[in-house]
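Participant: Questions regarding the structure given below will be posed in turn.
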């Protein structure tokens, strides 16, 4: 490799790069327009896109540029010129070019893009180069950074829970079984929650960002079989305390994305003002009972005790211009570990956070049962075997404390922030019932 | 829950907390000493430990304190007193106590701890509360933070690769098979590398921290079946470029741990001066051939072309007081994707980074093959089927560029930094051939 300093293309548009500056850049050919005596091509790198111009008179260059194809990789030496006709008002007059690799004809056609074809998933390893996918990936990067920042600034310890587990957190129906050295009964984790609960007795405030796995058989626009899960658990916290953390976290993430990724949000056509409004604190808080009233008013037939489906969630949030907490779900709607309200034992001290604009539940959380007998009884009431949860019950034997926690579906959050139609575009290589390739 | 402001125990030792200050604290009972007319107990929270004293004359308190057990959870109101006889020179005279939960007799005995019994793994969910494990967990937290910081400061994008894959990165023998909706041929990822390679065409410099899975059948002190893997891939980078990133990253991590976790390193008995010396840049660089010479001199029978085992690695690094890169492994030692040296095709442009003090390989990396025909030939030469690697080969069809990358075993690094005998203590809930519980 040559010891040249290359400039990031994005930096060529800064005000301190003057007309006439000699520059070296490298990247991939994004568009080409070939005229009789000139070739224009757009060159992209990870930071931006600039127009490059080659004149037929440029000896030794023309013959390299004539056969250029979309996505070919090149390094370019040239002179930066201000030109109002060029995109962004600047272009590079090419003085030398090295074609690192002439790309074969790129298989993604504009038709495929327009029709949002399934084919884009077959060639996902190439489609991620598009400005659409790259913008999402940059926003996703900032979302992950914001999550780490928020938790660390607030005194949380980052921890990691195992992926291989032996007992379901969220019900057995969506477990993936693994052949573990020939052994049966080993599954992939659905949530790190139980392990985070163990860790609060050492570290009090803990979080993790890790994959979780759910064998979702539905072909929904909102589910993946493998998703990134930001989970937190806090000793001594009540439901009220944990809701404050949840809304602060979400608002922090959106603020950071709006501050640092405005360009990418605009590329995606996302209305930034709506996002800013949607992240104003506090978020709305309604009870499950109030939610039911709203739904009935809107003509939904939901009985007390029913969980809400996607349609109900969408109808509900259409009433609100910010995320809304639905608090106090009936016992049967929620997994066994949720603490029942001592004042009203038929409901749990739980809450879902629903994103606006119909993106659905992004966080589920609440208080956990911390009394041993209460936990064992509820495990049995749910038709489960306390033996499968021995170590989890143990946590209530040795200095148990009230505690609360939550799980945030990071891909779902990215879907909302980016305004995507389908969750699969929120993650580089999505996995669902139909797809494990590429 | 009561609306009291509790002070972190660690903060009670700060110089601005004066003798006689009224304090409220909460946590778990760490040690108890019961005398006729006094009870001393150590109270721990996530930030520290302080001695609490209860006098028999304190009405309404004595009867609560008498039955106290190890690991019971309590909240305490009291007065902070300076006292040279107390650990750390301060103690709390208890004026009120609420026992949140009287713990059952704690099952971890001092015998179990002294003998480093297998039992400590059976009750891992409780053993993590020990000052030994908590110190490691805090250092691990700082290691993860340092990795994110280093990459982000250096212009890398954080990305996530899928856990479900269909083709081996590192050889088929260590793949875990998953029952994927009844479908065969789906495995857990061994490395995110191939996906990071796809992503450099969009983002150029990418990294990820994620679990990787290897069905390691050996019962080694250095292997887990599930480990945390920090991987990076960079467009346009040569072997030399990527080695610089690798050593800077490791030095950055150690510096941060030494700066922020000195207390925890000391709790573990780790010699901080040795760590500081070991993280001085640059690290050593020797060739595979030179490594072979050293090993022969030390009486090892290794042929040119052999890979090094744990014994060889230990013997090798005993010559060095800092980490050492071993550069240019023979083709057969390394996976197919490593680029062969054009000047000497029998060796690859690869390097392992070996940690000092016998902790073994912590990073493997190097240049990747970027020419399509070269890659297809090598896949065949390795007895593999190019059809299984179609999308990976595709990356060499559309604007391929030279690139390099590496994978860092984060748990192995934590093991070295903490000076642990066994890698299982570097991760909260270790998984190996024998263990998936708790």
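Participant: Using alpha carbon centroids, what distance separates the range A:147-224 and the range A:305-361, in Å?
Facilitator: 21
Participant: So between residue B:130 and residue B:181, what do we pick up on full extension, going 0.36 nm a residue minus the alpha carbon distance?
Facilitator: 14.3 nm
Participant: Pick out which of A:427, A:61, A:393 has the largest mean-square fluctuation in a Gaussian network model of chain A, springs linking Cα atoms closer than 10 Å.
Facilitator: A:61
Participant: Now for a different question. Summing -39500 (n - 2.57) over the DSSP H runs of n ≥ 4 in chain B and dividing by its residue number, what mean residue ellipticity at 222 nm do you reach, to the nearest 500 deg cm²/dmol?
Facilitator: Computed ellipticity for chain B at 222 nm equals -8500 deg cm²/dmol.
Participant: Distances in nm, one decimal, shortest first, from residue A:149 to the same residue in every other copy, taking the label point 7 angstrom along Cα→Cβ.
Facilitator: 1.5
Participant: Counting other C-beta atoms within 10 Å, which of A:262, A:8 has the fewest, and how do the rest follow?
Facilitator: Arranged by neighbour count, lowest to highest, A:262, A:8 become A:262, A:8.
Participant: Please arrange B:184, B:334, B:377 by counting, for each residue, the other beta carbons lying within 10 Å of its beta carbon, fewest first.
Facilitator: Listed from fewest to most nearby Cβ atoms, that is B:184, B:377, B:334.
Participant: As an exercise, use a Förster radius of 41 Å and the Cβ-Cβ distance of residue B:36 and residue B:119 to find the FRET efficiency, rounded to the nearest 0.05.
Facilitator: The value I calculate is 0.75.
Participant: If I model a spin label at residue A:4 and residue B:260 as a point 7 Å from the Cα along the Cα→Cβ vector, what separation in nanometres do I get?
Facilitator: For the pair residue A:4/residue B:260, the computed spacing is 4.0 nm.
Participant: When you look at the Cβ of every residue in A:398-410, what mean number of other chain Cβ atoms sits within 10 Å?
Facilitator: Averaged over the peptide's residues, the number is 4.
Participant: GNM, chain B, Cα, under 10 Å: largest mean-square fluctuation among B:336, B:13, B:156?
Facilitator: B:13
Participant: Sticking with this structure for a sec: Using Cα centres only, tell me the gap between the range B:108-133 and the range B:27-101 in whole Å.
Facilitator: What the calculation gives is 24 Å, centre to centre.
Participant: Placing the label point 7 Å from Cα along the Cα-to-Cβ direction, what are the distances from residue A:259 to the equivalent spots in the other copies, shortest first, in nm to one decimal?
Facilitator: 2.1
Participant: Taking each residue in B:195-206, count the Cβ atoms of any other chain within 10 Å of its Cβ, then average. What number comes out?
Facilitator: Values: counts 6, 1, 1, 8, 9, 1, 11, 16, 10, 6, 1, 4.
What the average comes to for B:195-206 is 6.
Participant: How big is the antiparallel share of DSSP beta bridges in the range B:122-426, given as a percent to the nearest 5?
Facilitator: Here the antiparallel bridges make up roughly 85 percent for the range B:122-426.
Participant: Using a Debye calculation, one point per C-alpha and no hydration shell, please list log10 I(q)/I(0) for the protein assembly as shown at q = 0.10 Å⁻¹ in order.
Facilitator: Taken in order of the listed q values, log10 I(q)/I(0) reads -1.20.
Participant: Of A:214, B:219, how do they rank once you tally other Cβ atoms within 10 Å and put the fewest first?
Facilitator: Numbers: A:214 21, B:219 9.
Ascending Cβ contact count within 10 Å gives the list B:219, A:214.
Participant: Another question, then. I want to verify a result. In a Gaussian network model of chain A, Cα cutoff 10 Å, which of these has the top mean-square fluctuation: A:207, A:187, A:359?
Facilitator: Looking only at A:207, A:187, A:359, the largest GNM fluctuation is found for A:187.
Participant: To continue, here is another question. Using a label point 7 Å beyond Cα on the Cα-Cβ vector, give me the inter-copy distances for residue A:89 in nanometres, one decimal, shortest first.
Facilitator: Label-point distances to the other copies, shortest first: 6.3 nm.
Here, each number is a calculation from the coordinates, and none is a lab measurement. Just so we're clear, the structure is a prediction, and the values are computed from it rather than from any experiment. Glycine gets a Cβ as well: all are built from the backbone with ideal geometry, and neighbour counts include every protein chain shown.
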